[in-house]
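For reference, the structure discussed in these notes is given below.
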Amino acid sequence: MNQSQAKGFGSRGIILIVVLFLGFFMFQTFTNYPLNILADFYGGSQTVAMLLTIGTLAGVVTQIILSHFVGNIKSIKKVASIFGIIAVICAWLVAAIPFYMTGVWYVAYFGVNYTVTLYALFFMSIIAGQWFPRRKGTIMGISTIAYPVCNAVIGFFATAVFKPMESGLSDSPAIFRSFLPFLIITTIGVILFLALITDYPEQCGAYRDNDKSFTPEMANQMLMQEIEDKKTTVWTPVHTFTNRDFWCASVVCGLILMCSVGTMTQSSTIIANFPALNYTIIMMIIALCGAVGSWLLGIIDTAIGTKKSMLICVALMLLAGLLGFIACSTGIGVFLIISLALVGIFMGASSNYMVSVSVQYWRREDFASVFSCVNPVSNIFNAAAPTVVAMILYSAIGINGVFLLILIAGIIGIVLMLIFSPKHIRTVDDKYREAAGKPLDGALEGRK
C-alpha cells in the first residue's frame, strides 16, 4: 500500500469509527453500569457479576462455533445486524424493567451481555479489520476511547440514579430516566450501522485503508479474490488452536481485558476504600488517561508494530499493579490514582489488540478465521473478570488481591509477548500453504 495515498479515513470510514465507538459504548454501559452502580437492587455484586460472566461466556461459545465456518458466511453485516437489534432491545428492557421484577431483569441482562458481546466485540471488529487491514491499530485506538468515556460519565449516571432517593422525592432509583440518553445514543449507533456500513468498503464505493491509489477495478478484483480465498483458508480452527504464537497473543489480550474490565466493574468499591478521594473526579481522570492511552497505543501499534505496542501495554499493567498494591498497603491515595490512571490507559487499548494481532501477523484472507479464534479465547478472561474480581474483593485478601492479580498478569504478559514470534508464524504459514498447494509469495515478510 502506498502510505501517501492513505490519508484520512474517508467519509464512510469516519462513520465506521463512530459506529464502532457506539458499539463499544453500548457494551461498556449496559454490562458495567448495572454491576458497578445498580447491583444492590438486583441481588448484589456477586449475583450480577455471575450473570455477566454467564452471558459473556455464552457469547464466547458461540464465537468458537462460528470460527469453524466464519469464512463461508456471505455477509458478516447481516448476521451482526440481527445481534445488534436484539442487543438494543435488551438494553431498553434492562433500563425499563422495574428493579423488583428481578427474574425478568436477569433474562434481559443476560440477553444484552450475550448479544452485545457478539455484535460489538466480534462481528463489528471483523468488519473493522476488513475495512482497515493496515491501519487497524489507529482505527481501534480511536474507537475504543468509548471505554474511558463511559467511565468518565459513570459518576454522573450514579448521581442521577440516586438523586430522587437522596432528595426524598421517591423511594425508588431513577434507573430508566438515567439510562435514557445512553439508550438513544446506542440506538442511533445501530441504525447507522444498518443504514451505512457494508461488509467491505468496496461495496459502497470506498477503499481499503482509504487507499485511493487503487482503481475501482483493482479494488473489486482484490475483493473478489479475497472472498474466494477465505473459503479455503489454511488457518482452520485446528491449525490456529495448535499454534504457539496464537496462544501467546490470545492470552495476553485476555489478561489485558480481565484486569481492565474486572477493575472497572468494581471501581466504586475500590475507590470507596480511600474516603478522601472523590469517585466522580477519579473516574474523570481515568477517562482522560484512557482516551489518550487508547489513541496513543493505537498510533504506536500502527507505527512500530503490534507486538511492541502490546509489550508497552503489559509493562504499564505491571506498573499499575505494583502502584495499586503499594497504595492499598500504605493508604496513600495518590498511588491509587496513578494506578487507576494506568488501568485506564490499557483499558482503552484492551479491545484494540485482538483485531490488530490477527490482521498484522496473518494474511487478509485468514484474518476472519484467526480473529474468530483469538476473540473468544480472549473474552473467556473478559467473561471471568467481574466474578473473579468480585470474589477477590470479598475474600480475606480484599482490595490488595485485585492489584496483586494485575501485577502478576503484567509479568505473565511480558513473558508471553517476548515468546511471541511473527517469524515463526510466517514459517508455519508457509508450511500450511505448501501442503495445501498454495503459492509461497512472502506476503508476511516484514510484518512489524
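One residue is enough: does the range 117-125 have a residue meeting the conditions open to solvent by 10 Å² or more (accessible area, probe 1.4 Å) and more than 15 Å from residue 95 (Cβ to Cβ)?
Step one: of the range 117-125, the residues open to solvent by 10 Å² or more (accessible area, probe 1.4 Å) are none.
Within the range 117-125 (the criterion being open to solvent by 10 Å² or more (accessible area, probe 1.4 Å) and more than 15 Å from residue 95 (Cβ to Cβ)), the answer is no, since none of the residues qualifies.
Checking the conditions here, which among 219, 291, 303 is open to solvent by 30 Å² or more (accessible area, probe 1.4 Å) and of a type in the set (Gly, Ala, Ser)?
Working: 219 fails: open to solvent by 30 Å² or more (accessible area, probe 1.4 Å); 291 fails: open to solvent by 30 Å² or more (accessible area, probe 1.4 Å).
That would be 303, the only listed residue that is open to solvent by 30 Å² or more (accessible area, probe 1.4 Å) and of a type in the set (Gly, Ala, Ser).
When you scan the range 283-305, do you find a residue that is in contact with a helix residue (DSSP H, G or I) (Cβ under 8 Å, 6 or more places away or on another chain), assigned to a loop (DSSP other than H, G, I, E, B), closer than 22 Å to residue 407 by Cα and of a type outside the set (A, V, I, L, M), even just one?
no
Return yes or no: is residue 62 open to solvent by less than 20 Å² (accessible area, probe 1.4 Å), under 18 Å from the mean Cα position of the chain (by Cα), more than 26 Å from residue 219 (Cβ to Cβ) and not small (Gly, Ala, Ser)?
Numbers: open to solvent by less than 20 Å² (accessible area, probe 1.4 Å): no; under 18 Å from the mean Cα position of the chain (by Cα): yes; more than 26 Å from residue 219 (Cβ to Cβ): yes; not small (Gly, Ala, Ser): yes.
So residue 62 fails the test.
Go through the range 225-244 and report how many residues are open to solvent by 40 Å² or more (accessible area, probe 1.4 Å) and either in a helix (DSSP H, G or I) or touching a strand residue (DSSP E or B) at 6+ places or on another chain (Cβ under 9 Å) (or both). Before you say what the answer is, go through the steps one by one.
Narrowing the range 225-244 to residues open to solvent by 40 Å² or more (accessible area, probe 1.4 Å): 225, 227-228, 231-232, 236, 238-239, 241-242, 244.
Still in the list and also either in a helix (DSSP H, G or I) or touching a strand residue (DSSP E or B) at 6+ places or on another chain (Cβ under 9 Å) (or both): 225, 227-228, 238-239, 241, 244.
Counting residues in the range 225-244 that are open to solvent by 40 Å² or more (accessible area, probe 1.4 Å) and either in a helix (DSSP H, G or I) or touching a strand residue (DSSP E or B) at 6+ places or on another chain (Cβ under 9 Å) (or both) gives 7.
Evaluate the range 107-114: report whether one residue or more is surrounded by 18 or more Cβ atoms within 10 Å (Cβ to Cβ), touching a Leu at 6+ places or on another chain (Cβ under 9 Å) and polar (S, T, N, Q).
Among the residues of the range 107-114, at least one is surrounded by 18 or more Cβ atoms within 10 Å (Cβ to Cβ), touching a Leu at 6+ places or on another chain (Cβ under 9 Å) and polar (S, T, N, Q), which makes the answer yes.
Here's the yes/no breakdown for (1) modelled with pLDDT of 90 or more; (2) aliphatic (A, V, I, L, M); (3) more than 30 Å from residue 205 (Cβ to Cβ):
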| position | (1), (2), (3) |
| --- | --- |
| 38 | no, yes, yes |
| 56 | no, no, yes |
| 66 | no, yes, no |
| 124 | yes, yes, no |
| 129 | no, no, no |
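Among the residues of the range 48-87, which ones are among the β-branched types (Val, Ile, Thr), part of a helix (DSSP H, G or I) and more than 15 Å from residue 262 (Cα to Cα)?
Applying the first criterion (among the β-branched types (Val, Ile, Thr)) to the range 48-87 yields 48, 53-54, 56, 60-62, 64-65, 70, 73, 76, 79, 82, 85-86.
Filter once more, keeping what is part of a helix (DSSP H, G or I): 48, 53-54, 56, 60-62, 64-65, 70, 76, 79, 82, 85-86.
Matches in the range 48-87: 60, 61, 62, 64, 65, 70, 76, 79, 82, 85, 86.
Evaluate the following for residue 339: is it open to solvent by less than 10 Å² (accessible area, probe 1.4 Å), assigned to a helix (DSSP H, G or I), under 20 Å from residue 147 (Cα atoms) and out of contact with any Leu (no Cβ under 7 Å at 6 or more places or on another chain)?
Values: open to solvent by less than 10 Å² (accessible area, probe 1.4 Å): yes; assigned to a helix (DSSP H, G or I): yes; under 20 Å from residue 147 (Cα atoms): yes; out of contact with any Leu (no Cβ under 7 Å at 6 or more places or on another chain): no.
No: the conditions fail for residue 339.
Assigned to a helix (DSSP H, G or I), more than 23 Å from the chain's Cα centre (by Cα), crowded, with 16+ Cβ neighbours inside 10 Å and hydrophobic (A, V, I, L, M, F, W, C), is that true of residue 41? Before the answer, list the steps.
Numbers: assigned to a helix (DSSP H, G or I): yes; more than 23 Å from the chain's Cα centre (by Cα): yes; crowded, with 16+ Cβ neighbours inside 10 Å: yes; hydrophobic (A, V, I, L, M, F, W, C): yes.
When the stated conditions are applied, residue 41 passes them.
Out of 201, 148, report the one residue that is touching a residue at least 24 places away in the same chain (Cβ under 8 Å), more than 21 Å from the chain's Cα centre (by Cα), crowded, with 20+ Cβ neighbours inside 10 Å and within 28 Å of residue 12 (Cβ to Cβ).
So the residue among 201, 148 that is touching a residue at least 24 places away in the same chain (Cβ under 8 Å), more than 21 Å from the chain's Cα centre (by Cα), crowded, with 20+ Cβ neighbours inside 10 Å and within 28 Å of residue 12 (Cβ to Cβ) is 201.
From the list 399, 425, exactly one residue is under 21 Å from residue 317 (Cα atoms) and either hydroxyl-bearing (Ser, Thr, Tyr) or crowded, with 16+ Cβ neighbours inside 10 Å (or both). Which is it?
Working: 425 fails: under 21 Å from residue 317 (Cα atoms).
Among 399, 425, only 399 is under 21 Å from residue 317 (Cα atoms) and either hydroxyl-bearing (Ser, Thr, Tyr) or crowded, with 16+ Cβ neighbours inside 10 Å (or both).
The values are calculated or read from the model by the stated rules, or taken from the named source; none is laboratory data. All values derive from a computational prediction rather than experimental measurement. Cβ sites come from the backbone with ideal geometry, for glycine too, and all protein chains shown count toward neighbours. The accessibility values were calculated without ligands, DNA or RNA, using every heavy atom of the protein model including side chains. Shrake-Rupley method; radii C 1.70, N 1.55, O 1.52, S 1.80 Å.
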